[in-house]
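Trainee: Sharing a structure below in structure tokens format, with a few things to ask.
The values are calculated or read from the model by the stated rules, or taken from the named source; none is laboratory data. Remember, it's a predicted structure, so these values are computed and weren't measured experimentally. Using ideal geometry, Cβ is built from the backbone for each residue, glycine included, and neighbour counts are taken over all protein chains shown.
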Amino acid sequence: MGTLYLVGTPIGNLEDISLRALRVLRSVPCVAAEDTRVSRQLFRHYDIETPLVSYHKFNEAAQIKPLLQRLSRGDLALVSDAGMPGINDPGYLLVREALAAGHRVIGIPGPTAPILALAISGLPTDRFLYLGFLPRKSSERQHVLNSVLNEPGTLIFLVTPHRLRSVLVDMMTVFGQERQLALMRELTKMHEEAWRGSIAEAIAHFQEAPRGEMVLLIEGNRAPEERWSEKKVRQAMSDLIAAGVASGKAAQLLSRWSHWPHRQLYEFSIEQRKINHTKGD
């Protein structure tokens, strides 16, 4: 019985691939790829000569049987155009059928844009909900957004450039103007950009559609009774700074405890250090 390897590949920068991933891609008899043209660029870069077969959302149902036949004869690797297969990319159906047929399925970890975006967003990371792409129609988008209106965790979406403004307008309609968001564009690539602010500020800022692949993160609905008062937050920040905790770490800890945005807490930490410095003079 062969093993199915789900191999994470770079989401932009070709250096973001593991030695283990390269070893597996070189050693398996065949690699199923979402777009063989994209995968060949990676293979050429690392001198990988393993044969490629096409496996994407338009042919996955037809390809399941041939791929399972390959697995019955030996190992098989699966890659998507970028990131981890199966996360907004083809893979789930093959994994399910391979497991049902008794094959072993092993993941080779690699970059995943939603998790990378969450980690650097400055929004709470203790709880989050990944929702992928929103529907194309505004009414359907608002229906989905209303279903998570009271979700306390950070909301993560994938957004296409030409729909960004309409998605932001729908978010303002449902969530209001003040919720904080972070927009991560072209992660790990040459023109990587991170933008942070409120929904209203984002609508004002993005008058024209930016280019590239984007991950949009929205602050969750932290119930008023869960959020600390500003006075309590500032006092806690003062105590942490006095205890020698670094600004970034203090902001990270308080974001988890107080449900305030990390960015604002970091600004409080800088203000507190200036106050302490003035007192020291």
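Trainee: Kindly provide the set of residues from the stretch 109-123 that are in a helix (DSSP H, G or I) and buried (at least 19 other Cβ atoms within 10 Å of the Cβ), ordered by number.
Mentor: Hits for the stretch 109-123 are Ala113, Pro114, Ala117, Leu118, Ser121.
Trainee: Of all residues in the stretch 255-281, how many are at pLDDT below 85 and aliphatic (A, V, I, L, M)?
Mentor: The total comes to 1.
Trainee: So, one more: Considering (1) assigned to a helix (DSSP H, G or I); (2) buried (at least 16 other Cβ atoms within 10 Å of the Cβ); (3) of a type in the set (Ser, Thr, Tyr), say which one Tyr5 fails and leave the rest.
Mentor: It fails just one condition, (1).
Trainee: For the list (1) within 25 Å of Ala204 (Cα to Cα); (2) loosely packed, with under 15 Cβ neighbours inside 10 Å, I need the number of the one condition that Ile106 fails.
Mentor: Failed condition: (1).
Trainee: Given the criteria part of a helix (DSSP H, G or I), within 25 Å of the chain's Cα centre (by Cα), more than 30 Å from His191 (Cβ to Cβ) and free of Cβ contacts under 8 Å to residues at least 24 places away in the same chain, does Arg37 qualify?
Mentor: Answer is no for this residue.
Trainee: Before we move on, is Ala200 without any contact (Cβ under 8 Å) to a residue 40 or more places away in the chain, of a type in the set (A, V, I, L, M), surrounded by 12 or more Cβ atoms within 10 Å (Cβ to Cβ) and in the same structural domain as Arg165 (by TED's automatic domain parsing)?
Mentor: Here the answer is yes, as Ala200 does meet what is asked.
Trainee: Would you be able to tell me the number of residues in the stretch 213-253 that are out of contact with any Pro (no Cβ under 7 Å at 6 or more places or on another chain), surrounded by 15 or more Cβ atoms within 10 Å (Cβ to Cβ) and small (Gly, Ala, Ser)?
Mentor: 5
Trainee: Continuing with the same structure: What are the pairs, 6+ residues apart or on separate chains, where a residue within the stretch 182-193 that is outside any loop (DSSP other than H, G, I, E, B) has its Cβ under 6 Å from a residue that is polar (S, T, N, Q) and surrounded by 14 or more Cβ atoms within 10 Å (Cβ to Cβ)?
Mentor: Ala182/Ser121
Trainee: Next question, about the same structure. Please verify whether Arg141 is assigned by TED's automatic domain parsing to the domain that holds Ser198 and buried (at least 18 other Cβ atoms within 10 Å of the Cβ), treating the condition exactly as stated.
Mentor: Spelling it out, Arg141 is indeed assigned by TED's automatic domain parsing to the domain that holds Ser198 and buried (at least 18 other Cβ atoms within 10 Å of the Cβ).
Trainee: Checking Leu158 against (1) part of a strand (DSSP E or B); (2) at pLDDT below 95: exactly one of these is not met. Which one?
Mentor: Failed condition: (2).
Trainee: Another question about this same structure. Whether any residue in the stretch 53-72 is at pLDDT 95 or above, touching a Pro at 6+ places or on another chain (Cβ under 6 Å) and surrounded by fewer than 18 Cβ atoms within 10 Å (Cβ to Cβ) is what I want to check.
Mentor: no
Trainee: I need a count of the residues in the stretch 21-40 that are farther than 11 Å from Leu76 by Cα and exposed (fewer than 14 other Cβ atoms within 10 Å of the Cβ).
Mentor: 3
Trainee: Need the failing condition index for Asp126 against (1) in contact (Cβ under 8 Å) with a residue 40 or more places away in the chain; (2) assigned to a helix (DSSP H, G or I), just the number.
Mentor: (2)
Trainee: Would you mind telling me which numbered condition in (1) in a helix (DSSP H, G or I); (2) under 30 Å from Glu192 (Cα atoms); (3) touching a Gly at 6+ places or on another chain (Cβ under 9 Å) Ser72 fails?
Mentor: Unmet condition: (2).
Trainee: Shifting gears a bit: In a loop (DSSP other than H, G, I, E, B), under 20 Å from the mean Cα position of the chain (by Cα) and either modelled with pLDDT of 85 or more or of a type in the set (Phe, Trp, Tyr) (or both): does that describe Gly220?
Mentor: Yes.
Trainee: Further, regarding this structure: Could you list, in sequence order, the residues of the stretch 230-264 that are part of a loop (DSSP other than H, G, I, E, B), closer than 22 Å to Ile199 by Cα and either in contact with a strand residue (DSSP E or B) (Cβ under 8 Å, 6 or more places away or on another chain) or free of Cβ contacts under 8 Å to residues at least 24 places away in the same chain (or both)?
Mentor: Within the stretch 230-264, just Pro261 meets the criteria.
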